[in-house]
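Worksheet: one structure, shown below.
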Amino acid sequence: MKRREFLTAVAAIGLTSRGVALSTPTWQAGVATIDITPERSLWMAGFARRTLPSQGVAMPLHAKALALKCGAQPTAVLVTVDLLGVTARITGRVAALVQRRHRIRRADLLFNASHTHCGPVVDEQLSVAYDLSLEQWAAIRAYTVQLEDKLAAVIGNAVSELRPARLGYAQGEALFAANRRVKFTPQGPVDHSVPVLRVDGAEGAPLAVVFGYACHNTTLQDTFVRYHGDYAGVAQAALEQRHPGTTALFVAGCGADANPMPRGTLELVEAHGTALADAVDRALKAAAPIDPSLRTAYGSVDLPFAGEAARERWRSQLDIDEVYMRRHAALMKAAIARDGRLPTAQPDPVQVWRFGPPPLARGHASYGPPALAGGSRASYGETKAGSGFTLVALGGEVVVDYAFRLAREYPERRMWVAGYSNDVFGYVPSVRVLREGGYEGGDAMIYYGRPGPFAEAVEELIIGEVRRLAGDR
C-alpha cells in the first residue's frame, strides 16, 4: 500500500470510529483544488488604507470545487475561493464556459468567497477604494482572466473525479466572532454556529469537508501585505493536515457585521483558524446521513436604491475622506454619460440547494435559533435527527439578521445561510441595520461604487425570493 493510501485509510478509520457511521454510498462526489495565488505583486483587496501592493506569499490561495450527484439528477458543483469576493461578470463568464463544456446549469453551480482581505483585487471590485495606475489595473484584469480559466478548470477536474460517496450533516460552534456594530447595538447579534457537510468515499475514506462560519475573514489588518487566507485559510489547512486525503472547503456565512476578536497578528490568525478546525472536528463525530436528493434553484432579485432625496441626505452625512468622494462622483458621472441615468437597483443573486427529501411538516423539531432581541447571541445548536438540510446562498456582504430570520421562518428545516456568494457587489443590510445606518447600513456603498444606500424594501425582497426558490411552503 502506498503511503498516501495508508494515511487516507487511517484518517477514514479515525473519522468513522469516533463518530456516526454514514450509510451505504448513495451519492457520487468529486473534489479538486487549484492554486490561484498571483505570480506577481498585485494590489490587495479589502482595505482602503493600504499603501503597498503585495510583498510576497505567507499562505497560498486556492480555489476548490466539490461536485455532487445523486441518481439521475444533474451534477451540482460548489466552488470556494480564497478571495475577498467574486463578481457577477466573473461568475457569469465561468458559468457560461462550464455550461458549454460540461452541461452544468447555472442553478447547479454555486460560488462562494472566503472574504480574506489578503488576496488580490479582482475585476473592478471596490475600485473606489484604491488609488491605482493604469498599469496596475491592467495587471488585475490579466489576473482576472487567468482566474476565470482556473475556476473553469477546477470545476471540470472535480466533475471528472465523481465516485461513490456518503454525505453527512452536522453543526458545531466557534466563539471568536463578535458583532462589530457596537456603536449602534453594543451587544449585537452574532451567529457562532459552524455548519458542516461531511463527504466520505465508498470505503469510508474522507473525500471532503465543507464548513461555514459567519464572521469577517479579517484577523490580519491593512499593514499586512502578503497573500494569506486568514483564519479560513488556516482552518482549511489544519483540517487537511489532520485528515490526509481530505479537501476542506470554507463557505463564508452572513458575517458582514461580525469581526474576529481579538485580531491583528499572525498568532491570532492561527488561534482562530485552529479553533474553527477544532469545531469542525467535533461536529464530524455526530454527522447525520443525508438521503440522496438534491434540489437546486437560482434566481435574481432587483434591490432598489434609495430615492434622490434620501441619497442626497446620505451623501451629506458621510464622514469619508474627500478622495473617495471624488472617485465616487467621477464613477457616477461616467454611469450617467453611459446609460443616461444612475442605476435604480442592484441585481442580487439568490440560490437555494435543498439536500435530502422535503422537510417535516410544521410543528416538528425546530433546527434554528430562537427569535432574537437586540443584544442577544445565538448559535444553531446541536444536530438533530433528520436526513437533510437547505443551503441558501445570497449575494453581497450579508448581515447576520438574514440567517436568523430564515431559521425562524423555516423551523422545520436545518438552514445553512451563506453570504458572499456568486456576486459580492456591496453590503446587504437588514431593515434594522439600514435604519441604524453606519458602514454596513449604507456608508460602504461609496467604496463599492454604488449610487447610494438601499431602500427599506430589500429585506422583504430577498426573503421573498428565498421563499419562491425554496418552494413547498
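Tell me yes or no: at least one residue of segment 155-172 is farther than 30 Å from P357 by Cα, in contact (Cβ under 8 Å) with a residue 24 or more places away in the chain and open to solvent by less than 10 Å² (accessible area, probe 1.4 Å).
no
Which of the residues belonging to segment 85-131 are hydroxyl-bearing (S, T, Y), outside any loop (DSSP other than H, G, I, E, B) and under 20 Å from L66 (Cβ atoms)?
T91
For segment 92-127, which positions are in contact with a strand residue (DSSP E or B) (Cβ under 7 Å, 6 or more places away or on another chain) and among the charged types (D, E, K, R)?
Of everything in segment 92-127, those that are in contact with a strand residue (DSSP E or B) (Cβ under 7 Å, 6 or more places away or on another chain) and among the charged types (D, E, K, R) turn out to be R106, D108.
In the set A237, A277, A248, A283, which member is small (G, A, S) and in contact with a Ser or Thr (Cβ under 8 Å, 6 or more places away or on another chain)?
Sole residue among the options that is small (G, A, S) and in contact with a Ser or Thr (Cβ under 8 Å, 6 or more places away or on another chain): A283.
Taking segment 175-206, which residues are of a type in the set (S, T, N, Q) and either under 30 Å from D291 (Cβ atoms) or free of Cβ contacts under 8 Å to residues at least 40 places away in the same chain (or both)? If you could, list the steps in order and put the result at the bottom.
If we filter segment 175-206 for residues that are of a type in the set (S, T, N, Q), which is where we start, we get 179, 185, 187, 193.
The answer is S193, and nothing else.
Any idea how many residues of segment 196-222 are closer than 22 Å to L84 by Cβ and in contact with a strand residue (DSSP E or B) (Cβ under 7 Å, 6 or more places away or on another chain)?
Of the residues in that region, 10 qualify.
Output the number of the condition that G188 fails; it satisfies all remaining conditions of (1) open to solvent by less than 10 Å² (accessible area, probe 1.4 Å); (2) under 18 Å from Y420 (Cα atoms).
Answer for G188: the failing condition is (2).
Matching residues to (1) β-branched (V, I, T); (2) free of Cβ contacts under 8 Å to residues at least 40 places away in the same chain; (3) surrounded by fewer than 18 Cβ atoms within 10 Å (Cβ to Cβ):
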{"residue": "L110", "(1), (2), (3)": "no, no, no"}
{"residue": "S114", "(1), (2), (3)": "no, no, no"}
{"residue": "Q136", "(1), (2), (3)": "no, no, yes"}
{"residue": "R141", "(1), (2), (3)": "no, yes, yes"}
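Pick from Q236, Q241: which is open to solvent by less than 40 Å² (accessible area, probe 1.4 Å) and under 27 Å from I34 (Cα atoms)?
Selected residue: Q236, the only one of Q236, Q241 that is open to solvent by less than 40 Å² (accessible area, probe 1.4 Å) and under 27 Å from I34 (Cα atoms).
Sort out which residues of segment 191-228 are open to solvent by 10 Å² or more (accessible area, probe 1.4 Å) and aromatic (F, W, Y), and write them in order of number.
Correct list: F224 only.
Identify all residues within segment 297-353 that are among the charged types (D, E, K, R), touching a Gly at 6+ places or on another chain (Cβ under 9 Å) and open to solvent by 30 Å² or more (accessible area, probe 1.4 Å); write none if there are none.
Scanning segment 297-353 gives E308, R311, E312, R315, R327.
Which ones in segment 444-460 are surrounded by fewer than 20 Cβ atoms within 10 Å (Cβ to Cβ) and touching a Pro at 6+ places or on another chain (Cβ under 8 Å)?
Answer for segment 444-460, where residues must be surrounded by fewer than 20 Cβ atoms within 10 Å (Cβ to Cβ) and touching a Pro at 6+ places or on another chain (Cβ under 8 Å): A455, A457.
The values are calculated or read from the model by the stated rules, or taken from the named source; none is laboratory data. Bear in mind the structure is a predicted one, so any value in this text is a computation, not a measurement. Because the Cβ atoms are built from the backbone with ideal geometry, glycine has one as well, and the counts that use them run over all protein chains shown. These area figures cover heavy atoms from the full protein model, side chains too; ligands, DNA and RNA do not enter into them. Shrake-Rupley method; radii C 1.70, N 1.55, O 1.52, S 1.80 Å.
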